[in-house]
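J.: Have a look at this one.
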Amino acid sequence: MRYIEGIHRKSKIALPEYVDDYVTEDNPVRIIDTFVETIDLGELGFKNATPKERGRPGYNPKDLLKLYIYGYMNKITSSRKLEKQT
């Protein structure tokens, strides 16, 4: 896809070996991730669900939806506070 990609949580880093190791098995983030990955954003009417051919690539809408849901669940209304959390 033509989106700006972040670090995949299964990619290796220094300590611990994977980014995914920082997240516990019972963390609600895993539910958010599974939920958003199962839905079809284009079918739901999200206008930017498919990337544009020209211009700078945008962020993946699924990643942004995950971030939005996380902020909503944790009552984080400021984008700066949400940045600190992530």
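The values are calculated or read from the model by the stated rules, or taken from the named source; none is laboratory data. A quick note: this is a predicted structure, and the numbers were derived from the prediction, not measured. Cβ sites come from the backbone with ideal geometry, for glycine too, and all protein chains shown count toward neighbours. We work out accessible area using only protein heavy atoms, side chains counted, and drop any ligands, DNA or RNA first. Shrake-Rupley method; radii C 1.70, N 1.55, O 1.52, S 1.80 Å.
J.: In whole percent, how big is the carbon plus sulfur part of the accessible area of the chain, probe 1.4 Å, protein atoms only?
T.: Carbon-and-sulfur percentage of accessible area, whole number: 55.
J.: In Å², and per residue, what accessible area does the stretch 26-84 have when probed at 1.4 Å with the other protein chains present?
T.: Roughly 85 Å² per residue, with all protein chains present.
J.: Here's something else I'd like to know. If R₀ is 25 angstrom, what is the calculated FRET efficiency for the pair ILE39 and GLU17, using the beta carbon separation as r and rounding to 0.05?
T.: The computed FRET efficiency comes out at 0.25.
J.: Per DSSP H run of at least 4 residues, take -39500 (n - 2.57); add these up for the chain, divide by its residues and hand me the 222 nm value, nearest 500 deg cm²/dmol.
T.: Theoretical 222 nm ellipticity from helices: -10500 deg cm²/dmol.
J.: Could you give the angle, 0 to 90 degrees to the nearest 10, between helix 28-38's Cα long axis and the longest principal axis of the Cα atoms of the chain?
T.: With rounding to tens, the tilt is 30 degrees.
J.: Moving on. What do you get for the angle between helix 61-73 and the principal long axis of the chain? Use alpha-carbon atoms, 0 to 90 degrees, nearest ten.
T.: Roughly 50 degrees, rounded to the nearest 10.
J.: Calculate, for ARG54 and TYR3, the FRET efficiency according to 1/(1 + (r/R0)^6) with r their C-beta to C-beta distance and R0 22 Å; round to the nearest 0.05.
T.: It comes to 0.95.
J.: For Cα extents along the principal axes in Å, pick the label among (1) 38, 30, 27; (2) 57, 25, 18; (3) 68, 22, 19 that corresponds to the value derived from the coordinates.
T.: Evaluating Cα extents along the principal axes in Å on these atoms matches (1).
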